[in-house]
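Student: I am attaching a structure below and will ask some questions about it afterwards.
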Amino acid sequence: MSALPPLHLAVALDGAGWHPAAWREPAARPGELFTARHWAGLVAEAERGLLDFVTIEDSLGPQSSHPTEPDDRTDQVRGRLDAVLVAARVAPLTRNIGLVPTAVVTHTEPFHLSKAIATLDYVSTGRAGLRIQVTPRPNEAAHFGRRTIPALGAEDVGDAEEWDTPAARELVDRLFGEARDYVEVVRRLWDSWEDDAEIRDAATERFIDRGKLHYIDFEGPHFSVKGPSITPRPPQGQPVVTALAHQSVPYRLVGGSADIGYITPYDNDQARAAVAEIRAAQDAAGRVSEPLHIFGDLVVFLDGDRAAAEDRKARLDGLAGEVWSSDAQVFTGTPAELADLLLERREAGLSGFRLRPGVIGHDLEGITRGLVPELRRRDAFRHAYEADTLRGLLGLARPANRYTAV
Amino acid sequence: MSENPTTGASATGRPLKQIHLAAHFPGVNNTTVWSDPRAGSHIDFSSFAHFARTAERAKFDFLFLAEGLRLREQGGQIYDLDVVGRPDTFTVLAALAAVTERLGLTGTINSTFNEPYEVARQFASLDHLSGGRAAWNVVTSWDAFTGENFRRGGFLPQEQRYSRAQEFLATANELFDSWRGDEIVADQGSGVFLKDARAGEFAHRGEHFDIAGRFNVPRGPQGRPVIFQAGDSEDGREFAASSADAIFSRHDTLEAGREFYADVKGRLARYGRAHDELLIMPAATFALGDTDAEAREIAHEVRRSQVSGRTAIKYLEHVWNRDLSGYDPDGPLPDIDPDPGENTIARGRASVRMFRDPLAVAKQWRERAAAEKLSIRELVIETTGRQSFIGSPATVAEAIDTLVQADAADGFILVPHLTPGGLDEFADTVVPLLQERGVFRREYTGTTLRDHLGLAHPEPEPPRAAS
C-alpha cells in the first residue's frame with residue numbers, strides 16, 4: 001500500500017494521560033502514579049506494541065492549567081517524579097524500547113544531565129534519548145533563585161504557539177539560545193571520551209590513554225564547561241536528542257541540534273510548512289547530511305467506533321469543566337481512522353509520530369493493540385524489533401566521535 | 001528462626017549490638033585493582049547489578065556510591081594509573097532499584113554544584129521508585145577546579161563549605177517536608193485529586209538560598225532520605241551531630257574508632273538527639289583467606305597491585321608537591337625536601353589535604369625507610385592503605401564484631417578491591433558467621449532503609465492552618 005519506509009511510533013507518557021480529567025477514568029489508577037509499578041507497566045505495554053520509544057514528561061514545578069503561572073487547582077494531577085530516574089528505573093525491566101525522559105535545561109547543569117543520559121544509555125544498553133525543554137515560568141525560576149524570568153502577560157503569550165510580542169520574543173530567543181548551547185555541551189561531553197580510551201595496559205600501568213580524553217572547553221554567555229565528562233562515552237556514542245517545537249525559534253533548535261523534532265500541525269499544510277522551516281534550519285546549520293526525523297504529535301482518544309471515542313472525550317471534558325484542547329491536534333476515533341490520518345499526514349514529510357494518550361489506562365492499549373496491528377496490515381509498522389538500540393530503531397548510525405583524529 | 005540463638009548478650013550483660021553492613025562500589029582510586037584478571041567493567045550496568053545483588057543476598061543494609069565531579073589530575077594531566085570513569089549517581093541507583101528489593105541505595109551528592117530543588121526532587125523520586133530505600137551522603141566541595149564544569153563555577157571559601165552544606169540540607173528538608181504525605185486523595189468520584197491546594201508550598205530565605213514556590217514531588221515512603229555525612233573536621237562532626245542519620249567515617253581501628261564514636265555521639269545531646277539516632281559506619285577494606293596466614297599473603301599481594309611503582313611515585317608527589325618522575329620506585333626516598341608552598345601537584349582528590357605538614361611527613365618517612373631498608377614503593381605500601389580486616393572468615397567476623405560491641409563503630413561500609421565480584425567471598429563466608437554470632441540479620445525485617453538502620457521515619461509537619 002505504501003512504498004514509504006515503516007512509520008516510527010513513540011508514545012508520550014504523563015501522569016494518567018494528557019486529558020486533565022484522565023485520572024478520573026475507571027481505567028486510571030490515580031493512587032499509583034508515583035510508584036515504580038505504574039511506570040514499569042506502561043513501558044512494558046509500549047514495548048509489547050514494539051513502539052520505538054516512550055517519552056516521559058517532567059517539569060521543575062507543579063503542572064498548571066495556565067501557560068506561565070501556577071494555579072491552585074486540586075481537581076487535576078499535580079506532582080511528577082524526575083523523568084530521568086523513572087526512565088532508569090524501568091530500563092533493566094525492558095530490552096528494546098527507547099527511553100526518552102524530558103529534561104528542563106533552563107535551571108539545570110549540562111554537566112549533570114550529560115552524564116545522567118550517558119548513564120541511562122549504560123543501564124539500558126543503548127536505548128537512551130533525551131527531550132530538551134525550556135521553561136518560561138517565573139515561578140519555576142523562583143524555585144532555583146539564581147535568575148529571574150520576566151512575567152509575561154496574556155498579550156505576550158496569546159495562543160500557546162504565538163509568543164509574538166517583543167518581550168515574548170526576547171525571552172524565547174534567550175531560552176532557546178541557552179538550550180542550543182546546552183545541547184552542544186551535552187553532546188561534546190558524550191564525545192569527550194573516545195571509545196577506546198580505556199586500555200588497561202599492564203605494561204605501562206595505565207588504565208586509560210589520556211590522549212583519548214578531551215577537554216571540551218565550552219564557553220558561552222550562560223555557562224562555561226571544561227570537561228571531560230566523568231562518564232565514558234555511552235554505548236550509542238550519542239544518545240538521541242529530541243525537542244518539541246511550535247514556532248521558528250524552536251524549529252531552529254531542532255534543525256541545528258536535534259535528532260528528532262516533534263511538531264504539532266493540525267493539517268498537512270501546516271506540517272509541510274513546519275517541515276520546510278526545520279529543513280532550512282538544518283541546511284543553515286550545515287547538517288544536511290545528518291539524519292533528522294520530524295515526528296507529528298497528536299493527542300489520541302481511541303475506541304472501537306468514533307462515537308464512543310467522541311463520547312469519552314466529551315465525558316472527560318464535562319468532568320474537567322471545559323472543552324479541552326491541546327497544542328497538538330486532538331484525534332478522536334478508531335485505530336483504523338487514526339492509521340488513515342497518520343499515513344496521510346506523513347506525506348507532508350514526517351517519518352513518525354509521537355502519540356499522547358488522552359487516557360493512558362485506555363488509549364495506550366488503543367495504540368499498542370489497535371493502531372499498531374492496523375498499521376501492520378498496511379505494511380507501515382514493524383513486526384519485530386530490528387535493533388536493540390534506540391539509534392538502531394531510528395535508522396541512525398552510531399556516529400563518529402568529533403574528537404577522534406581521522 | 002531466632003536472630004540470636006546462643007549469645008543474646010555480651011559478657012558485660014549488655015544486649016549485643018546488631019551490626020550494620022554496607023557495600024561501597026569500588027572507587028576511582030588505587031584501592032580498586034583493575035589489573036587483576038578477575039576485574040570487570042567499572043561502568044557497565046551488569047557490574048553494578050552483580051555488586052548490588054551480592055549485597056542484597058548477604059542482607060546488607062545498603063549499597064554506597066561515591067562521586068567526583070571532575071577527573072583527577074596530577075602534574076597538569078589527567079591521572080591515568082587508577083580506574084577512571086563512573087556513572088551518574090542518581091541514574092544508576094534508580095536502575096539498581098529495579099534489580100533489588102530491599103537493599104538501601106546511598107548516593108554521594110555534592111551540595112556545592114547542585115541546587116536544593118533539583119536534588120530534593122531526585123532523592124524524593126528515588127525514594128518513591130525504590131519503595132523507601134534512598135539515602136544521601138551530603139558532601140561539600142571547595143575547589144574552583146571542579147567548579148570549571150558547572151554554571152556556578154568558582155571557589156567556595158573554606159569557611160562557607162559547611163554553612164552552604166548545612167543550609168542546602170536544611171532547605172532540602174523543607175522541600176521534603178512540604179508534602180505531609182496525605183494530600184493525594186485521588187477520589188475519582190468527587191474529582192478531588194489533592195485535598196490541599198497548598199501541597200508542596202515552601203519558602204526559604206537564607207544566606208545561600210533564597211527560593212520559594214511549590215515542590216512537585218509528593219512525600220516519599222521514608223519521608224526524607226537517610227542522611228549521611230562524611231567529613232571528619234570539627235565542622236563536619238558538628239554538622240553530623242546536628243543533621244545526619246549516619247556518618248561515613250575513616251576510623252576503622254579500636255582506639256581511633258572509640259574516640260571518634262564517643263566524640264560524635266557526645267555531641268548529640270546538644271541537639272536534643274538520642275544516642276542511637278546517629279550511626280557511625282567507618283569505611284573498611286578487607287583481605288580474606290582460608291587461614292590467617294594465607295589472608296596475610298593475599299593482603300600483601302593486593303597491596304602490591306594497588307601500589308605499582310608509578311603509583312608509588314605519584315603518591316609521593318602528593319607529599320613532596322614536586323615532580324618526582326625521575327626517581328626509581330625501587331630506590332630510596334628523595335633527598336630533597338617537599339615544596340612547602342600551596343599544593344598544586346594533584347587536583348580533584350581529597351587525600352592531598354591530609355598532609356598538613358609535609359616536611360614532617362617526609363622526615364618521618366625517610367627515617368622509617370632508612371631504618372627498615374624500604375624502597376619508595378615498599379614505604380608507600382607499608383604506610384598507606386593497609387586493609388582494615390585481614391584473616392580467615394572467622395578472624396574477620398570476630399574483629400568486626402569486637403569493634404562494634406566495643407563502640408568503635410555501629411557497622412562498616414566495606415570497600416572491596418575488585419569489581420564486580422569483590423564482595424562475593426565476604427558475603428559467602430563472613431556474613432554467615434556474623435549471623436551465627438547473632439549480631440547480623442538473617443532476613444530483612446523491614447522494607448525501607450530506615451527500617452534496616454533502626455531509624456525513625458520522620459513525622460510530617462502538623463497540618464497547615466487554613467489560610
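Computed from the coordinates by the stated procedures, all read-outs in this text should not be read as laboratory data. Here the structure is a predicted model, which is why all the values come from computation and not from measurement. Neighbour counts are summed over all protein chains in view; Cβ atoms, including those assigned to glycine, are modelled from backbone coordinates with ideal geometry.
Student: Per-residue HN-Hα couplings for region A:363-374, Karplus 6.51 cos²θ - 1.76 cosθ + 1.60 at θ = phi - 60°, whole Hz, x for Gly and Pro?
Tutor: Along region A:363-374, the couplings run 7, 5, 5, x, 6, 6, 10, x, 5, 4, x, 5 Hz.
Student: A:D196 versus A:E344, label points 7 Å from Cα toward the beta carbon: distance in nm?
Tutor: Each label point lies 7 Å from its Cα, and together they span 5.4 nm.
Student: When the Karplus curve 6.51 cos²θ - 1.76 cosθ + 1.60 is applied with θ = phi - 60°, which whole-Hz ³J(HN,Hα) does each residue of region A:56-62 get, with x for Gly and Pro?
Tutor: Result, ordered by residue: 10, 6, 7, 6, 9, x, x Hz.
Student: Let me ask something else about it. Give me the angle, in degrees from 0 to 90, between the Cα long axis of helix A:248-257 and the longest principal axis of the Cα atoms of chain A, rounded to the nearest 10.
Tutor: 40 degrees
Student: Taking the number of other C-beta atoms within 10 Å as the exposure measure, put A:T332, B:T253, A:T55 in order starting with the fewest.
Tutor: Least crowded to most crowded, the residues run B:T253, A:T332, A:T55.
Student: Over chain A, what number does the Rg to Rh ratio reach, with both radii from the alpha-carbon atoms and Rh per Kirkwood?
Tutor: 0.96
Student: Using the beta-carbon distance between A:R37 and B:S190 and R0 = 22 Å, what value does 1/(1 + (r/R0)^6) give for FRET efficiency, to the nearest 0.05?
Tutor: 0.30
Student: Suppose R0 equals 30 Å; then what is the FRET efficiency for A:R315 and A:Q270 from their Cβ-Cβ distance, rounded to the nearest 0.05?
Tutor: Given R0 = 30 Å and the Cβ-Cβ separation, E is 0.55.
Student: Kirkwood Rh, region A:1-155, all Cα pairs: how many Å? Don't jump to the answer; show the numbers that get you there.
Tutor: On the way: mean 1/r = 0.0586 Å⁻¹.
Evaluated on region A:1-155, it is 17.1 Å.
Student: Hey, another quick one. Nearest 10 degrees is fine. How inclined is helix B:358-372 to the longest principal axis of chain B, computing both from alpha carbons?
Tutor: 50 degrees
Student: Grab the alpha carbons of chain B, take their convex hull, and tell me the volume per residue in Å³.
Tutor: 170 Å³
Student: Further question: Evaluate Rg over Rh across region B:290-444, taking Cα atoms for both radii and Kirkwood's formula for Rh.
Tutor: Using Cα coordinates only, the ratio equals 1.06.
Student: Under the rule a/c < 1.5 gives rounded, and otherwise a/b versus b/c splits prolate from oblate, where does region B:263-343 land using the Cα gyration tensor?
Tutor: Because a/c hits 1.5 or more and a/b fails to exceed b/c, region B:263-343 counts as oblate.
Student: Per residue of chain B, what 222 nm ellipticity follows from adding -39500 (n - 2.57) for every DSSP H run with n ≥ 4, rounded to the nearest 500? Could the numbers behind the result be given before it?
Tutor: Numbers: 14 runs with 158 residues, N = 467.
So the calculated ellipticity at 222 nm is -10500 deg cm²/dmol.
Student: Using the alpha-carbon centroid of each, what span in Å lies between region B:123-137 and region A:1-60?
Tutor: A separation of 23 Å, based on Cα centres.
Student: Short version: ³J(HN,Hα) in whole Hz for each residue of region B:297-309, in order, from phi by Karplus 6.51 cos²θ - 1.76 cosθ + 1.60 (θ = phi - 60°), x for Gly and Pro, what are they?
Tutor: Values per residue, Gly and Pro as x: 5, 4, 4, 5, 4, 5, 4, 5, 5, 6, 10, 6, x Hz.
Student: Continuing with this model, one more query. For the protein assembly as shown, what does the convex hull of the Cα positions come to per residue, in cubic angstrom?
Tutor: About 176 Å³ per residue, rounded to a whole number.
Student: Turning to a different aspect of this structure: Treat each spin label as a single point 7 Å out from the Cα along the C-beta direction, and report the B:T384 to B:A360 distance in nm.
Tutor: It is 2.0 nm.
Student: Okay, next question. Around A:Q329, which amide H atoms from residues at least 5 apart in sequence, or from another chain, sit under 5 Å from its own amide H, with H modelled in the peptide plane?
Tutor: The list, which skips near neighbours in sequence, is A:V299.
Student: What angle, in degrees between 0 and 90 and rounded to the nearest 10, separates the Cα long axis of helix B:45-57 from the longest principal axis of the Cα atoms of chain B?
Tutor: That helix lies at roughly 80 degrees to the long axis.
Student: Got the relative contact order for region A:117-245 handy, in percent, Cα pairs under 8 Å and 6 or more residues apart? Spell out each step's value before the answer.
Tutor: Numbers: 165 pairs, mean separation 44.0, N = 129.
This gives 34 percent for region A:117-245.
Student: Using square roots of five times the C-alpha gyration tensor eigenvalues, list the equivalent-ellipsoid semi-axes of region A:96-203 in whole Å, biggest first.
Tutor: 36, 15, 12
Student: Moving to a separate point now. Positive end of the dipole of the protein assembly as shown, charges at C-beta (+1 Lys, Arg; -1 Asp, Glu), about the Cα centre: which of B:G147, A:T204, A:H66 has its Cα farthest in that direction?
Tutor: It is A:T204, whose Cα lies furthest towards the positive end.
Student: Give the order of B:D44, B:D339, A:D267 when sorted by the count of other beta carbons within 10 angstrom, beginning with the fewest.
Tutor: If I rank by nearby Cβ atoms, fewest first, I get A:D267, B:D339, B:D44.
Student: Note down the nm distance, to one decimal, between modelled labels 7 Å out along Cα→Cβ at A:E155 and at A:A167.
Tutor: 0.9 nm
Student: Normalised by the empirical 2.2 N^0.38 Å for globular proteins, what value does the Cα Rg of region B:308-383 take? List each step's numbers first, then the result.
Tutor: Working: Rg = 11.4 Å, N = 76, 2.2 N^0.38 = 11.4 Å.
Normalised by 2.2 N^0.38 Å, the Cα Rg of region B:308-383 equals 1.00.
Student: Further question: In which sequence would A:I360, B:I313 go, from the one with the fewest C-beta neighbours within 10 Å to the one with the most?
Tutor: The fewest-first ordering by Cβ neighbours comes to B:I313, A:I360.
Student: With a 10 Å cut-off between alpha carbons and a GNM built on chain A, which of A:D297, A:D283, A:D58 moves the most?
Tutor: Greatest mean-square fluctuation among the candidates belongs to A:D283.
Student: Okay, next question. Rounded to two decimal places and with Rh computed the Kirkwood way over Cα pairs, what is Rg over Rh for region B:77-212?
Tutor: 1.05
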